[in-house]
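Structure record follows, encoded as structure tokens.
The values are calculated or read from the model by the stated rules, or taken from the named source; none is laboratory data. From a predicted model like this one, the values you see are computed outputs, not experimental measurements. All Cβ positions, even for glycine, are placed from backbone atoms using ideal geometry, and neighbour counts span all protein chains on display. Heads up: the accessible areas ignore ligands, DNA and RNA and are worked out on the full protein's heavy atoms, side chains in. Shrake-Rupley method; radii C 1.70, N 1.55, O 1.52, S 1.80 Å.
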Amino acid sequence: QTGITFITGGKWTTYREMAEDVVDKVILSSGLEAKAGPCVTDKLPLRGGVGYNRNIPIQLVQEFGVSYEIAQHLARTYGMYAFEVCQMAKPTGKNWPKCGQVLIEGYPYLDCEVEFACKHEMVCTVKDMITLRMRLAFLDSSAADAAIPKVADLMAGALGWTGREKNKQIKEAKDLIATFGGPVPNNVMNSVHNVRDLFQSFDVDKSGFIDFGELKLCMKFLGFPFLSDEDALEAFKEIDTNSDGKICVEDFIKWWNHPKNEELRLKVDLQDKYGFSTDKLGKGAENSGAAFG
């Protein structure tokens, strides 16, 4: 009756599909077919998408001397703008990687990403930087807390903050981090009943996929940390059957239940910790129904 079309719900990974649905509906309900065609959002690349290809991480390694893990992170986060981020990166003073000073050890975030966000992405607060621009607060609140002073220093230099403003930003960010329960919220595992639940618990940004950092977090939290980043990357590549830098739930479950991963030991450990049994998980191909429900 009002002539207004409303759409609610959804998430970051489906917003373009939702836009397509509502635009097409408005065109049809308003009789605009003669003036407007169907929605074209699926043909418009996101910012940084023009010219992007799967070899971008390799090009970043070759051109700037960053590590492959960092190159993957930058390519996934910024697309073609990863080259601009790398141009702002400072030398490490090491033989390898040659470029890209990390914000906090153990994670692929670089100091120069803070400066880039200030100059090109309108970030204005430290708490915005460590939560929404980087996912460090959700991945590891302790690491995020440790990084806050450094982030504040970088932002103060980029935005011209006074000492008083910087201290205010640090306090606000630390107050926010204090509300986080750690890498995984304390009550998350109470709702874990099968491998799908486990996957979703470590999909911290709710993208429907687990990335490299989230896989390392998952294994560390469960008591089976990778011995090195090289071992973690090898496992990640094995699970990531599409080689697109992300793991879907089906691939995660297949990997989890593979005999060479000592599935019985892992499942028994999960049963002891979180109260769900191997009967709920199933074995091999049989786990599909039990795990997915």
Out of 213, 208, sole residue that is assigned to a loop (DSSP other than H, G, I, E, B), out of contact with any Pro (no Cβ under 6 Å at 6 or more places or on another chain) and modelled with pLDDT of 50 or more: 208
Taking region 78-95 only, how many residues are under 23 Å from residue 12 (Cα atoms) and buried (at least 18 other Cβ atoms within 10 Å of the Cβ)? 4
Looking at region 57-82, which of its residues are farther than 21 Å from residue 214 by Cβ and under 19 Å from the mean Cα position of the chain (by Cα)? 80, 81
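Quick check, is residue 118 modelled with pLDDT of 90 or more and part of a loop (DSSP other than H, G, I, E, B)?
no
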Does residue 154 meet the test of being part of a helix (DSSP H, G or I) and open to solvent by less than 60 Å² (accessible area, probe 1.4 Å)? yes
Output yes when any residue across region 62-71 is under 28 Å from residue 136 (Cβ atoms), in a loop (DSSP other than H, G, I, E, B) and not hydroxyl-bearing (Ser, Thr, Tyr), and no when none is. yes
Which listed residue, of 119, 98, 127, is open to solvent by 60 Å² or more (accessible area, probe 1.4 Å), within 19 Å of residue 60 (Cα to Cα) and either without any contact (Cβ under 8 Å) to a residue 12 or more places away in the chain or among the basic types (Lys, Arg) (or both): 98
Can you name the number of the only condition in (1) surrounded by fewer than 16 Cβ atoms within 10 Å (Cβ to Cβ); (2) modelled with pLDDT under 80 that residue 221 fails? (1)
Would you call residue 68 among the hydroxyl-bearing types (Ser, Thr, Tyr), within 24 Å of residue 144 (Cα to Cα) and open to solvent by less than 70 Å² (accessible area, probe 1.4 Å)? no
If you go through 266, 227, 281, 270, the only one that is at pLDDT below 85, open to solvent by 30 Å² or more (accessible area, probe 1.4 Å) and over 19 Å from the mean Cα position of the chain (by Cα) is 227
Scanning region 1-51 residue by residue, those among the hydroxyl-bearing types (Ser, Thr, Tyr), open to solvent by 100 Å² or more (accessible area, probe 1.4 Å) and within 29 Å of the chain's Cα centre (by Cα) turn out to be 8, 15
